[in-house]
Amino acid sequence: MVKKALVLGGGFAGLVLWRALLREERIEAVLVDQNNYHIFQPLLYQVATGELESSAVTRTFRDIAHRRTGGFILGEVTAIDLAAGTVTLDPSRILTFDYLYITLGTITNFFGNENLQCLAMDLKNAEAAEQARSRIAYALERAAACTDPESCRAWLTFSVAGGGPAGVEFCCSLAQRLHRTIEMEYPSLDPRDLRIALIQGGPHLLEGMEDPAPAAAAKKLASLGVEIFYNHRVTGFDGETIHCCGENQQPVSLPARTLVWTAGVHPPEVIGRVAAPKTHDGRLVTDPHLRIPGYDNIFVAGDLAGNDRGLCWPQTAPFAIQSARHALRVTRAMLDRKPLPEPFSYSDPGNMVTLGRFDAICIFPRFSLQFRGISAWMAWILLHLYRIMGMRNRFTALLDWFQDYALRDYTGSRIDSTTISWGKKLRETCRKS
Ligand SMILES: Cc1cc2nc3c(=O)[nH]c(=O)nc-3n(C[C@H](O)[C@H](O)[C@H](O)COP(=O)(O)OP(=O)(O)OC[C@H]3O[C@@H](n4cnc5c(N)ncnc54)[C@H](O)[C@@H]3O)c2cc1C
């Protein structure tokens, strides 16, 4: 008998599961996502800085599945009832399943601060990254139109909250881009008025990453003129001033009109309502085979998978892919009525972080290998080209990068003026609300 498999969320984990399950004859696989496209999140910061167009990092699920399109439903998951074996979607629809895979990922954590949620930009999806790019373009134009030097400096102050990989990569790219854009396209602006501030809650950048990555990132950012505020927590933003709690709990304020938020993620609301044990950070606790304890047919993979065995699984693409592959192996063993494979164990492939154009750092502890500079940057480019979904996206990314890195003197900044109206609209919407 054909079993019904429901995959909730088509990110890194969900896509691995759905594509493999679509090929299984014994399974009817259905993917549910609130968007009709998959997003390659690690490159969203480049959409925000104009290095890539969003078409390079998104691909529709129907395109990915080719002719097997019956297996996708557009909808937001609003409830998961484990005991009843149902999933509720908005627009109203109730789905049942034989196997369920919860791979809804995470959302940006603004720590309940509504002003931050409204006025800060995040980089969690393609729309948000385009809005950030639009806001950057808008800020430059407002600075160029200012007659008051203080106001001009505030428009030229760009702040980034969060010194993890996304914040560091974004800051390096932003600093290089803004210096170049001002030099090429805004002769009336004084480049010395440009200020980029990276606000980091802890005492180091890239926390959890092996040496020498944190020190290398700090050195590179300093060389690009980025100011780093360590041990500072953003407590508020009104669109004109960022309020922080600094070292020794001192209040610190920074006049800035643009704030990009990369300071944390948490599970979507719907996960909070699932009647199952959670970890301290709200992930779903799983058994050694990534199933919710007591439900052998319900798996959790990717950013949402947690455990209560003292292991801290990373919220990264490699983890999402490996956890999804394990869930698949267990499903196949269950279908074949064979013994289950060995319990899941994560194998860390290492880390790569870009530090702007032609510079990156790669650390592969398993092979005692680390390298920096253009070779690391090339390795990063090749890996990401390989990982981007589909030939058309790879080609688009390659073309965008070629234009940006090789022809940039001829193609301009690409923080283009066509996006400005969006940045303006966004500010007005926030003001009204
Ligand atoms: C800016 C940024 C940069 C990153 N850079 C890196 C990097 O360089 N390297 C790395 O390894 N990792 C990176 N990560 C982390 C990595 O992207 C995540 O760990 C990975 O995407 C997790 O995969 P996932 O499948 O669990 O969830 P996701 O990829 O987040 O997918 C979740 C899916 O669920 C859908 N969804 C969510 N809620 C609902 C709902 N209620 N109803 C319906 N659908 C829903 C979403 O639309 C999405 O398609 C980065 C993340 C961000 C945000």
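Computed from the coordinates by the stated procedures, all read-outs in this text should not be read as laboratory data. Note that the structure is a prediction, hence the values are computed from the model and not measured. Don't worry about glycine lacking a Cβ; one is built from the backbone with ideal geometry, like all the others, and counts go over all protein chains shown.
Can you give the local net charge around GLU227? Use residues other than it whose beta-carbon is closer than 15 angstrom to its beta-carbon, Lys and Arg +1, Asp and Glu -1.
Details: positive: ARG153, ARG192, ARG195, LYS219, LYS220; negative: ASP193, GLU247.
Net local charge, GLU227 excluded: +3.
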Which aspartates and glutamates, on any chain, are close to LYS219 with Cα under 16 Å apart, when same-chain ones fewer than 8 places away are left out?
GLU169, GLU207, GLU210, ASP211, GLU227, ASP359
For the stretch 36-175: Kirkwood Rh in Å [reciprocal of mean 1/r, alpha carbons]:
18.1
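Rank these for me by crowding, ASP348, ASP148, going from fewest to most other beta carbons within 10 Å.
On the way: ASP348 13, ASP148 8.
Final ranking by Cβ density, sparse to dense: ASP148, ASP348.
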Please give the calculated 222 nm ellipticity per residue for the chain, where each DSSP H segment of at least 4 residues contributes -39500 (n - 2.57) and the sum is spread over every residue; nearest 500 deg cm²/dmol?
-10500 deg cm²/dmol
Which residues' amide hydrogens lie under 5 Å from the amide hydrogen of THR235, considering only partners 5 or more residues apart or on another chain, with H built in the peptide plane?
HIS243, CYS244, CYS245
Sorted by average packing, counted as other Cβ atoms within 10 angstrom per residue and highest first, what order do 282-290, 74-82, 254-262 take?
254-262, 282-290, 74-82
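Normalised by the number of residues in the stretch 87-146, what is the relative contact order in percent for Cα pairs under 8 Å and 6+ residues apart?
Working: 20 pairs, mean separation 8.8, N = 60.
It comes to 15 percent, rounded to a whole number.
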